[in-house]
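Okay, structure first, notes after.
The values are calculated or read from the model by the stated rules, or taken from the named source; none is laboratory data. Quick caveat: nothing in here was measured; it's all calculated off a predicted structure. Positions of Cβ are backbone-derived with ideal geometry, glycine not excepted, and every protein chain shown enters the neighbour counts. Calculation scope for accessible area: heavy atoms of the full protein, side chains included, ligands and nucleic acids excluded. Shrake-Rupley method; radii C 1.70, N 1.55, O 1.52, S 1.80 Å.
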Amino acid sequence: MAAPAAKQDGYFDCRDAWAQTLEALAEADPRIVAVVNDSVGSSKLGGFQKRFPERLINVGIAEQNMVGVSAGLANGGRIPFVSAASCFLTGRALEQIKADIAYANFNVKLVGQSSGVAYGELGPTHHSIEDFAWLRPLGAITVVVPSDPWETAEVVKWAASHEGPVYLRLSRMPVPNLDIADRKFQPRRAELVHQGRDVTLIACGTMVHLAAKAALALTADGISARVLNMATINPLDEAAVAAAASETGAIVTIEEANIHGGLGGAVAEFTAGNLPVPVERMGFPGFVPTGSVEWLFEHFGLTVPGIIKAANTAIGRKRP
Amino acid sequence: MTMLNNDTVATIRDKALWMRRRAFRMVFDAQLGHPGGDFSAIDIIATLYFGVLRYDAKKPELAERDRFIMSKGHATGALYTALCAAGYYPEDWLSTYMQPSSRLNGHPNRNYLPGVETNTGPLGHGMPVALGIAIAGQLAKSEYRTFVLTGDGELQEGSNWEAAMSAGNRKLSNLTLIVDRNRLQQGMGTEETNGLDPLDDKFRAFGWHVEIVDGHDVQALLNVLGAAPGARSKPLCVIADTIKGKGVSFMENKASWHHGVPNAEQFDIAMKELV
């Protein structure tokens, strides 16, 4: 597969990696189908539709039907990748995701596009920052949030080979590939981005590259920060969190999501019950104002300086 | 695969009678259930399992099997007794109905019970799933047919109409919807709650072929459900006029029997009537 073209300055739209990977997989495995809700363009599935017109099932603007249809396609032996704006896919069809996909354990891959606050200017109806909290408790469903184009391709390949329901959360915000040597994708495991001993920055999705930059900046201040890429929100890699808590004694979580019930919530739940340490949760506190994604990140401190500040706060809260 | 024989109608009636008696005992023992809706649907479901559907109960995952989805998932008395009578599992399983950790939940789960195609219970889920199965059959150029049974009150859920629109547009002739038209929902009549009539015209407008039958007339049900799609290039909607609580005098047409449960005296009366 050709590497996705750089948008600017080495930043990439992960949707290109998603679409190219799915096309390559579909070429090799006729069971793979795509299901969309009038979302061919925003899902970048125009190429898929051209190559496999019969296997692109567009149900129109009908998300409950879309998710139910995908359960039926799985019953009929297909591997459906359901791609739609995540705000509608998860919110509008939540009961179908619960009953038809997760509880029924159907082999369906739900792909939430333009997640987080990618649709910033369109306002909270179009923000998808509640999806983690909605889906995390649904037991069987793996919730996975790739951080860059390389990981997006790996996650799509893994999802196709994994027998069981998956929610794959994508953005449309350009991100750089993480600078990690000899990278190997390990499903459902936290990825060590940067080793450290004073504090652990646990990030996912669009926030991981910012956490990595923050760790480098903290080094200059004499603070050794561990960075974990927690691509899988459910099930949580509890061993990695336990090691972070016991070995660094303070944690910062960073996510493009509501701080209630998401990555920060998962980490806080685990540490509170097992290894209580200070946990600073970075993200959004609830509905956020309308504004560009860049403005929202700045406004809510989802920036390198913001992460540095939270890391210092977490370290300051450590018990002597 | 099941084979039809000359005594098909008599066999179906026998099975339906056994299903009514066994379902009522199940509800009586558990003191939980939805017997009114079970009894309006039982003749339809018996007709499907013992006269129409092609399946092998010993191989529930057979790719070429016909699919049946019980969208009105609360009517477990009808579905569970049918699957049992069809040989998917032994009768003693029925005695565990709604007991702790039973495979026979208050609503069907595909992972616990062989023969259950998808989870139902929350209303309006069966149609979209059936649509997906029918699309998969079309993609695979398979001969299997997909049947889905909804309650009439259930059609007040919008997801059904999303699926109905899709099925009509896709001309899915391998898909059959059966509406259990007993005209009662949990609290009162469907027409006084949020009326559905003219239901046949609604489906025709969505691109379906519609048949209206007496949902307790086994021969009539066999005629419409057993007929192969042939040249028909539309999904089939069978509006089955039924009676909630059909077969037990004190239950018939009573909304209160939607999830009413019998006391010992009522149980005895019903058993005397169901012969």
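Chains A and B: what accessible area do they bury, summed, in square angstrom to the nearest 100, with a 1.4 Å probe?
Adding both sides of the contact gives about 2100 Å².
If Lys and Arg each add +1 and Asp and Glu each add -1, what is the summed charge of the other residues whose beta carbon sits under 13 Å from the beta carbon of B:Arg54?
0
Which value in Å does the Kirkwood hydrodynamic radius of the protein assembly as shown take, with 1/r averaged over all unlike C-alpha pairs and then inverted?
With all distinct Cα pairs of the protein assembly as shown included, I get 25.8 Å.
First check a/c for the stretch B:180-228, with a ≥ b ≥ c the square roots of the eigenvalues of its C-alpha gyration tensor; if it is under 1.5, answer rounded, and if not, answer prolate when a/b is larger than b/c or oblate otherwise.
Verdict is oblate for the stretch B:180-228.
Test of understanding: express the Cα radius of gyration of the stretch A:246-320 as a ratio to 2.2 N^0.38 Å, with N the residue count.
1.15
For the stretch B:227-232, what does the Karplus curve 6.51 cos²θ - 1.76 cosθ + 1.60, with θ = phi - 60°, yield as ³J(HN,Hα) per residue in whole Hz, taken in order and with x for Gly and Pro?
Here the 3J(HN,Hα) series is 5, 5, x, x, 8, 4 Hz.
Taking amide hydrogens as modeled 1.01 Å from N in the peptide plane, which residues meet the under 5 Å criterion relative to A:Gly116, leaving out close sequence neighbours?
Those qualifying (amide H under 5 Å, at least 5 residues apart or on another chain) are A:Ser128.
Quick check: the angle from helix B:76-85's long axis to the longest principal axis of chain B, C-alpha only, nearest 10 degrees?
Between helix and principal axis, roughly 80 degrees.
If you add up the charges near A:Gly91, with Lys and Arg at +1 and Asp and Glu at -1, over every other residue whose beta carbon is less than 9 angstrom from its beta carbon, what do you get?
-2
What list of ³J(HN,Hα) values in whole Hz, one per residue of the stretch B:156-165 in order, does the Karplus curve 6.51 cos²θ - 1.76 cosθ + 1.60 (θ = phi - 60°) give from phi, with Gly and Pro shown as x?
For the stretch B:156-165, the Karplus-derived couplings read 6, 6, x, 4, 4, 7, 4, 6, 4, 5 Hz, x marking Gly and Pro.
In deg cm²/dmol and to the nearest 500, what is the mean residue ellipticity at 222 nm of chain A if only DSSP H runs of at least 4 residues count, each as -39500 (n - 2.57), divided by the residue total?
Estimated from H runs of four or more residues: -10500 deg cm²/dmol.
Rounded to the nearest 5, what is the percent of antiparallel bridges among the DSSP beta bridges in chain B?
Looking only at bridges with both residues in chain B, the antiparallel portion is about 5 percent.
Equivalent ellipsoid semi-axes for the stretch A:7-135, as square roots of 5 times the alpha carbon gyration tensor eigenvalues: give them largest first, rounded to whole Å.
Each semi-axis is the square root of five times an eigenvalue, giving 22, 21, 12 Å.
In the protein assembly as shown, what % of DSSP beta bridges are antiparallel (nearest 5)?
If I count the DSSP bridges inside the protein assembly as shown, around 15 percent turn out antiparallel.
When you have a sec, figure out the Kirkwood radius of chain A from all distinct Cα pair distances and drop it here in Å to one decimal?
Computed over chain A, the radius equals 19.6 Å.
I'd like the residues of the stretch B:132-152 whose 1.4 Å-probe accessible area shrinks by no less than 20 Å² going from the isolated chain to the full set of protein chains.
By number: B:Gly132, B:Ile133, B:Ile135, B:Ala136, B:Leu139.
Using the alpha-carbon atoms, what tilt in degrees (0 to 90, nearest 10) does helix A:149-161 show relative to the longest principal axis of chain A?
Its long axis makes an angle of about 50 degrees.
How far, in nm, would the chain grow between A:Ala140 and A:Asp221 when pulled straight, counting 0.36 nm per residue and subtracting the alpha carbon separation?
24.9 nm
In whole angstrom, how far apart do the alpha carbon centroids of the stretch A:58-129 and the stretch B:1-77 sit?
The stretch A:58-129 and the stretch B:1-77 have Cα centres separated by 32 Å.
Restricting to the stretch A:179-255, what percent of DSSP beta bridges are antiparallel, rounded to 5?
DSSP beta bridges in the stretch A:179-255 are roughly 25 percent antiparallel.
Please compute, over every Cα-Cα pair in the stretch B:1-133, the percentage with a separation greater than 27 angstrom.
When all Cα pairs of the stretch B:1-133 are counted, 13 percent exceed 27 Å.
Given H placed 1.01 Å from N in the peptide plane, which residues other than close sequence neighbours of A:Leu228 have an amide H under 5 Å from its amide H?
A:Val193, A:Leu201, A:Ile202, A:Ala203
Provide, in order from the shortest bin, the percent of all Cα-Cα pairs of chain B in each 10 Å bin, continuing until the bin that contains the maximum pair distance.
All Cα pairs considered, the percentages come to 7, 32, 39, 19, 3, 0.
By its C-alpha gyration tensor, with a ≥ b ≥ c as the square roots of the eigenvalues, how is the stretch A:41-90 shaped: rounded for a/c under 1.5, else prolate for a/b larger than b/c, else oblate?
oblate
If each of A:Lys184 and B:Ser142 carries a label point 7 Å out from its Cα toward its Cβ, how far apart are those two points in nm?
Between A:Lys184 and B:Ser142, the label points sit 3.8 nm apart.
Could you tell me whether the stretch B:59-169 comes out rounded, prolate or oblate from its Cα gyration tensor? Rule is a ≥ b ≥ c as square roots of the eigenvalues, rounded for a/c under 1.5, then prolate if a/b exceeds b/c, otherwise oblate.
Here the stretch B:59-169 falls in the oblate category.
Cut-off under 19 Å on the C-alpha distance; same-chain residues fewer than 8 positions from B:Lys141 excluded. Which lysines are left, in chain and number order?
In chain and number order, the partners are B:Lys171, B:Lys234.
Based on alpha-carbon centroids, what's the gap between the stretch A:257-320 and the stretch B:211-238 in Å, whole number please?
59 Å
So what are the ³J(HN,Hα) numbers for the stretch A:275-286, from phi and the Karplus equation (6.51, -1.76, 1.60; θ = phi - 60°), rounded to whole Hz, Gly and Pro as x?
Coupling constants for the stretch A:275-286: 9, x, 9, x, 10, 8, 9, 9, x, 10, x, x Hz.
For n ≥ 4 DSSP H runs only, could you compute -39500 (n - 2.57) per run for chain B, divide by its residues and tell me the 222 nm figure to the nearest 500?
-11500 deg cm²/dmol
Mind listing the long-range amide H neighbours of B:Asn119? Cut-off is under 5 Å, sequence gap 5 or more, other chains count too, H placed in the peptide plane at 1.01 Å from N.
For B:Asn119, the qualifying residues are B:Arg110.
Net charge near B:His125: determine it from the other residues with C-beta under 9 Å of the C-beta of B:His125, scoring Lys and Arg +1 and Asp and Glu -1.
For residues surrounding B:His125, the net value is -3.
I need the chymotrypsin sites (Phe, Trp or Tyr not before Pro) found in the stretch A:278-320, filtered to DSSP loop residues with at most 16 other beta carbons within 10 Å of theirs.
In loop regions of the stretch A:278-320 (DSSP not H, G, I, E or B), the sparsely surrounded chymotrypsin sites (Phe, Trp or Tyr not before Pro) are A:Phe287.
Hey, what's the stretch A:140-263 come to in accessible area per residue, 1.4 Å probe, Å²?
Roughly 33 Å² per residue, with all protein chains present.
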